[in-house]
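First up is the structure itself, then whatever we jot down about it.
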Amino acid sequence: MEDSPLTRRRLLWGAAGAAGTALAAVGLPQLMRPEEKAALPRPVRKAPAAGPPATLRKYPSVDYAPAVWIEASESNYTPSDRPEAYPIEYVVIHLTTDILPVMFTKFKDPAERVSAHYMISATGTRIAQCVRERDVAWHSGSVWYNHRSIGIEHEGWTDQPVYTGKMYEASAALTATICAKYDVPVDRDHILGHVEVPLSHHDDPGTAWNWDKYMKLVGTARRNIRT
């Protein structure tokens, strides 16, 4: 096919561009006389921009050291500044009624409108934090209690409870830490089951939850925490 004027023009522009690139590669100073080079301003080398401190590059650290951070959707909790905004006066004990992966999926789904601060596996070997303690998780069914409590979910079912000794111990240590941090009394008026929240329509953690055992563990763990 015969080259059109437009095609030839493009070839010329391409050649000119290549020549310019080659000239830049050689460097303009190499084409100048010594006295002209001396008159050139020296380039100012900028220091590389400092990145954020290492502590800020990480995702927000958990409030409870043994926990891992698995964040709930921002649509499933209320950002706050507790305990300045609202006092933290209660710990509410929940039962998941499903396995943890399913619960994590629910907490991440904006349509679910539910969350809790912590989840503990049936074996007691895994603790996840899904909402920061300063924020208001939607866990109790009561706006008033949500604003004044920390919600802890435990993996299990009311009709097939799997409350292991390790789960009780892990949960008690977490609850004791919360009580120490926010000066929550270690008693059954302030450590509640979901079923005990006024106007609750839930029955967890169920009749199989051993409150006597749990409260003794929380009390022991609380006495061992220095405040």
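Just a few scattered comments:
- Formal net charge of residues neighbouring Gly141 (Cβ-Cβ distance under 13 Å; K, R +1; D, E -1): -2
- Given charges at Cβ of Lys, Arg, Asp, Glu: segment 84-227 dipole, positive-most of Ala122, Tyr90, Ala173: Ala173
- Positive minus negative residues near Ser75 (Lys, Arg vs Asp, Glu; Cβ under 15 Å): -2
- Between Arg113 and Asn224, the C-beta separation translates, for a Förster distance of 45 Å, into a calculated FRET efficiency of about 0.75.
- The convex hull around the C-alpha trace of segment 74-167, projected and averaged over every direction, spans 5.9 square nanometres.
- Once the C-beta distance of Asp203 and Ile99 is scaled by a Förster radius of 22 Å, the resulting FRET efficiency is 0.70 to the nearest 0.05.
Values in this text are rule-based calculations from the coordinates and carry no lab data. Source: prediction; values computed, not measured. Neighbour counts run over all protein chains shown; Cβ positions are idealised from the backbone, glycine included.
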